[in-house]
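All of the numbers you see were taken from the coordinates with simple rules; none came from a lab. Predicted, not measured: the structure shown is a model, and the values here were computed from it. Using ideal geometry, Cβ is built from the backbone for each residue, glycine included, and neighbour counts are taken over all protein chains shown.
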Amino acid sequence: KIETDYMLETVRTLPLQTKILLYSMTLLAENREKFTTGEAYCVYKKLCSKINLEALTQRRVSDLLSELDSLGVINSIVISKGRYGRTREIRIDSDVEALKKALEEDYRLGELKKYEEEMKRIAKLEIFEF
């Protein structure tokens, strides 16, 4: 309980872009156990466009993922895809619903709730385009 409270408090103090990225990962985590950096970036970018916010570059998002990993909010491992390069496989081990509630407390993220079902459909269908 103490660990969860600490993590939720950490999430509440994150910058806006990081919160949107984490929100996109909670939507992905509702449909699957693990997902890649590219999938998280795709949903993040779509959410940013819905609320007229300029999305960060994939490189910067990768840095944010490393920060979230070091904070213990997510777990990620780098996996090799051979000649197709490397990617990070991400898992959220904590309570996804509690995370989402903590993120939605930020009034700036309230607008994202409107697009939740649409993003869940995209995540479920695995339609990822950049």
message: Return the residues of the range 60-119 that are closer than 17 Å to LEU28 by Cα and of a type in the set (Phe, Trp, Tyr); say none if nothing qualifies.
response: TYR115
task: Considering only the range 1-89, give the helices (runs of 4 or more DSSP H) lying wholly within it that have at least 1 residues that are of a type in the set (Gly, Ala, Ser) and touching a Lys or Arg at 6+ places or on another chain (Cβ under 6 Å).
output: none
- request: Only one of these is within 23 Å of TYR6 (Cβ to Cβ) and in contact (Cβ under 8 Å) with a residue 40 or more places away in the chain: GLU67, GLU116. Name it.
  value: GLU67
message: Need the failing condition index for GLY85 against (1) on the phi < 0 side of the Ramachandran plot; (2) surrounded by fewer than 13 Cβ atoms within 10 Å (Cβ to Cβ), just the number.
response: (1)
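Give the residue, chosen from GLU117, GLU104, GLU67, that is of a type outside the set (Ser, Thr, Tyr) and touching a Gly at 6+ places or on another chain (Cβ under 7 Å).
Values: GLU117 fails: touching a Gly at 6+ places or on another chain (Cβ under 7 Å); GLU67 fails: touching a Gly at 6+ places or on another chain (Cβ under 7 Å).
Just one listed residue meets the conditions, GLU104.
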